[in-house]
């Protein structure tokens, strides 16, 4: 029989997968919460310490990818730290107002304009904007894969092993 703690943990882990595809939903932290709820609710005994540590590290990596994936991509594309910070702020504001499309358009447009003003180079500005936008999309895909892996590992550890 599945108890309430297990159901809450699974709901948080499934929510993390869904949240990975939605901006501003902390998928890594939801995974971490699901693992913590289960481990605490099960009396720190049902999951082995090794399993808990591995799944927790995956959840922390997911959170890092979520928080810094776009910035790393922007920097890889040659954007300055100032441009990266401005793009993050504009992207968040536009995402709240217009949704995920606003986030992507805001990131691309902000990086392009600020880098063009900074360097006056069309090709470099375009490269930075494309890297940033693709990086945000790629980090979303990585988050979905990581959170799905956490759920899979959890289900195997709890119900199979």
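The values are calculated or read from the model by the stated rules, or taken from the named source; none is laboratory data. Model, not experiment: these values are computed from the prediction. Using ideal geometry, Cβ is built from the backbone for each residue, glycine included, and neighbour counts are taken over all protein chains shown.
Any chance segment 19-33 includes a residue that's under 25 Å from residue 123 (Cα atoms) and surrounded by fewer than 20 Cβ atoms within 10 Å (Cβ to Cβ)? Taking every residue of segment 19-33 in turn, none turns out to be under 25 Å from residue 123 (Cα atoms) and surrounded by fewer than 20 Cβ atoms within 10 Å (Cβ to Cβ).
Remark: pairs (first residue in segment 44-56, at negative phi and without any contact (Cβ under 8 Å) to a residue 12 or more places away in the chain; second residue surrounded by fewer than 16 Cβ atoms within 10 Å (Cβ to Cβ) and not in a loop (DSSP other than H, G, I, E, B); Cβ separation under 7 Å; 6+ apart in sequence or on different chains) are absent.
The rows are residues; the columns are (1) more than 19 Å from the chain's Cα centre (by Cα); (2) under 20 Å from residue 67 (Cβ atoms).
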position	(1), (2)
92	no, yes
97	yes, no
111	yes, yes
116	yes, no
129	yes, no
143	no, yes
149	no, yes
155	yes, no
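Restricting attention to segment 1-26, the residues that are closer than 21 Å to residue 69 by Cβ, outside any loop (DSSP other than H, G, I, E, B) and either at pLDDT below 95 or out of contact with any helix residue (DSSP H, G or I) (no Cβ under 6 Å at 6 or more places or on another chain) (or both) add up to 3.
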